[in-house]
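One structure is given here, and the rest of the page talks about it.
A short reminder: the numbers here are calculations on the coordinates, not readings from a lab. Because the structure is predicted, anything quoted here is derived from the model rather than measured. A quick note on method: Cβ atoms are made from the backbone with ideal geometry, for glycine too, and the neighbour counts reach across all protein chains shown.
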Amino acid sequence: MRLTIFLSVLSATGLLAQGPPTITGELKQNYTRTKDVLLRAAAKMPEDGYSFRPTPEVRTFAQVIGHISEAQAMMCGGVIGQTAKVEANKTAKADVVAELKKSFDVCDRAYDQLNEGNSMQVGGTGFMGGTMAGRLYGNLMHDNEMYGTIVVYLRLKGIVPPSSEPRGR
């Protein structure tokens, strides 16, 4: 009787239904979080901030976002076997964000098709080759590296980055 009640409580809270964590599940969860903060960061930067360049030697904010878009289209497009093109040289906020969303559409398809059964499937060549999980992990690493760069741009403009906002928003 106690076991039945315990299992009922676990099922009701969703803990039993979740099962043990998987590498692909965690990869998808981290991608979703990173996608969220990147999109929110792009939205928080005002239009005039898209031409902001902290020093003459570095990219403008628009160029950083464009680089993310281009890299995602290439990496995730390679995983799904689709040549995806984005225009990384846009400068207006609305255009830059539209290209970023386009690259996320490609990555959404790549991460959605990832599962435990195909995660070790090898594809690609050279630096872009490896297992499906490894290639998507590489995309996630690059996205997080670029988010770190974006945080500096936002802070220099007096904007609180999405990952530093109070929880519950």
Label-point separation in nm, H67 to E145, each point 7 Å along Cα→Cβ: 0.9
Measuring from centroid to centroid over Cα atoms, what is the spacing of region 140-160 and region 59-74 in Å? 12
Inverse mean reciprocal Cα-Cα distance (Kirkwood Rh) of region 62-169, Å: 14.9
Identify the GluC sites (Glu not before Pro) of region 56-92 meeting these criteria: DSSP loop state and at most 16 other C-beta atoms within 10 Å of the C-beta. E57, E87
Separation in nanometres of the label points that stand 7 Å from Cα toward Cβ, at R167 and V122: 4.2
